[in-house]
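The values are calculated or read from the model by the stated rules, or taken from the named source; none is laboratory data. Not measured: the values here are computed from a predicted model. Using ideal geometry, Cβ is built from the backbone for each residue, glycine included, and neighbour counts are taken over all protein chains shown.
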Amino acid sequence: MTPMIEVKNLTHTYSTGTPFEHTAVKDISFSVQKGEFLGIIGHTGSGKSTLMQHLNGLLKPEQGDILLNGESIWKDKLSTRAARFRVGLVFQYPEYQLFEETVFKDIAFGPRNMGLKEEEIQKRVLRAAAFVGLPEDSLQKSPFELSGGQKRRVAIAGVIAMEPEVIIFDEPTAGLDPAGCRAILENIEQYRRATGATVLMVSHSMDDVALLADRLLVLNQGSIEMLGAPSEVFRHAERLQQIGLAVPQVTALFLRLKELGLPVDPATYTLADALKQLQTLKGGV
């Protein structure tokens, strides 16, 4: 099966030939299947955002290539332009990029740039707003009148309205309270289930990606440290901590039990098992 996205030997260096030269990603290769949810994690400066900006042509590879459904997005200018609509990118703190007079116009910006007819734009705006839980009566309001969480929904709706085959979220829950985080994550999963879209989500939160991702890609200093199912990645919890990543809370609990001399495997051990062990320990004190 042809991957939805294939990254081939991607390398990108900033400020080449200057004292500030820095290679952000180094010879990275991986693929993502249609409909898959890939979580991308790594410490600050590990190359996550640089990688994401290559996937829809915002950055051009210094070396390597990006294939979308088997075809290079850099094949020609038309392919590159099409990739920017087929692969939607929701930046970190996207609410700071809102600029139109009304919520409707902001969500409609992408579809209108695609050259769609007004009737189709109207349908897409309403569908996207419904996906992210924005009531119709909010569409004629200024986006700047909305709460932070609602602004985030508007920004996400603006990408969803383009109906991309692939949608990338860069830290979608950053700065939100727990209720806001849950709502945004539910929106993302609802969109994937309803459309069959491929989803990539960059996050510092292992708890967030552990809930939704089919696989995790762990970046470290511009290279791939790990790639596999969450259960496989969490087997290396100690290594994850060594490279500056906070493991899920349940996995942290398993590590603590391991320090106490209990043989546990975070990939298979359940929370119920952990609580039972803690109660046993408590009773023996």
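Checked against the criterion of being buried (at least 21 other Cβ atoms within 10 Å of the Cβ) and without any contact (Cβ under 8 Å) to a residue 60 or more places away in the chain, the candidates 195, 173 yield just one match: 173.
Each row is one residue, and each column tells you yes or no for (1) under 14 Å from residue 198 (Cβ atoms); (2) in contact with a Leu (Cβ under 8 Å, 6 or more places away or on another chain); (3) crowded, with 22+ Cβ neighbours inside 10 Å.
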{"site": "38", "(1), (2), (3)": "yes, yes, yes"}
{"site": "47", "(1), (2), (3)": "no, yes, yes"}
{"site": "55", "(1), (2), (3)": "yes, yes, no"}
{"site": "78", "(1), (2), (3)": "no, no, no"}
{"site": "83", "(1), (2), (3)": "yes, yes, yes"}
{"site": "86", "(1), (2), (3)": "yes, yes, no"}
{"site": "89", "(1), (2), (3)": "yes, yes, no"}
{"site": "93", "(1), (2), (3)": "no, no, no"}
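Could you tell me how many of the residues in the stretch 164-204 are part of a helix (DSSP H, G or I) and among the charged types (D, E, K, R)? Counting residues in the stretch 164-204 that are part of a helix (DSSP H, G or I) and among the charged types (D, E, K, R) gives 5.
Results for (1) among the hydroxyl-bearing types (Ser, Thr, Tyr); (2) part of a helix (DSSP H, G or I), shown as yes or no for each residue.
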| residue | (1), (2) |
| --- | --- |
| 49 | yes, yes |
| 58 | no, no |
| 61 | no, no |
| 100 | no, no |
| 106 | no, yes |
| 116 | no, no |
| 120 | no, yes |
| 128 | no, yes |
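Looking at the structure I just gave you, is residue 92 polar (S, T, N, Q) and more than 27 Å from residue 34 (Cα to Cα)? It is false that residue 92 is polar (S, T, N, Q) and more than 27 Å from residue 34 (Cα to Cα). Criterion first (crowded, with 16+ Cβ neighbours inside 10 Å, in contact with a strand residue (DSSP E or B) (Cβ under 9 Å, 6 or more places away or on another chain) and not charged (D, E, K, R)) does residue 149 satisfy it? Here the answer is no, as residue 149 does not meet what is asked. Selection of the stretch 22-36 for residues being part of a loop (DSSP other than H, G, I, E, B) and either of a type in the set (Asp, Glu) or touching a Leu at 6+ places or on another chain (Cβ under 9 Å) (or both) yields only 36.
Checked against the criterion of being among the basic types (Lys, Arg), in contact with a helix residue (DSSP H, G or I) (Cβ under 6 Å, 6 or more places away or on another chain) and more than 16 Å from residue 102 (Cβ to Cβ), the stretch 151-158 contains one or more residues that satisfy it. Selection over the stretch 113-140 of residues that are charged (D, E, K, R) and either modelled with pLDDT of 95 or more or touching a Gly at 6+ places or on another chain (Cβ under 7 Å) (or both) gives a count of 6.
Inside the stretch 196-225, can you point out the residues that are hydroxyl-bearing (Ser, Thr, Tyr) and modelled with pLDDT under 90?
203, 205
If you go through the stretch 226-235 and keep only what is in a loop (DSSP other than H, G, I, E, B) and either of a type in the set (Phe, Trp, Tyr) or modelled with pLDDT of 85 or more (or both), you end up with just 229.
Counting only residues that are without any contact (Cβ under 8 Å) to a residue 12 or more places away in the chain and of a type outside the set (Phe, Trp, Tyr), which one in the stretch 9-31 is surrounded by the most Cβ atoms within 10 Å (Cβ to Cβ)? Ranking the candidates gives 22 first. Restricting attention to the stretch 95-146 and to residues that are among the basic types (Lys, Arg) and closer than 25 Å to residue 196 by Cα, the residue that is surrounded by the most Cβ atoms within 10 Å (Cβ to Cβ) turns out to be 124. Looking only at the stretch 130-147, residues that are outside any loop (DSSP other than H, G, I, E, B) and under 13 Å from residue 158 (Cβ atoms) come to 2 in all. In the set 60, 34, only one residue is of a type in the set (Lys, Arg) and touching a residue at least 40 places away in the same chain (Cβ under 8 Å); that residue is 34.
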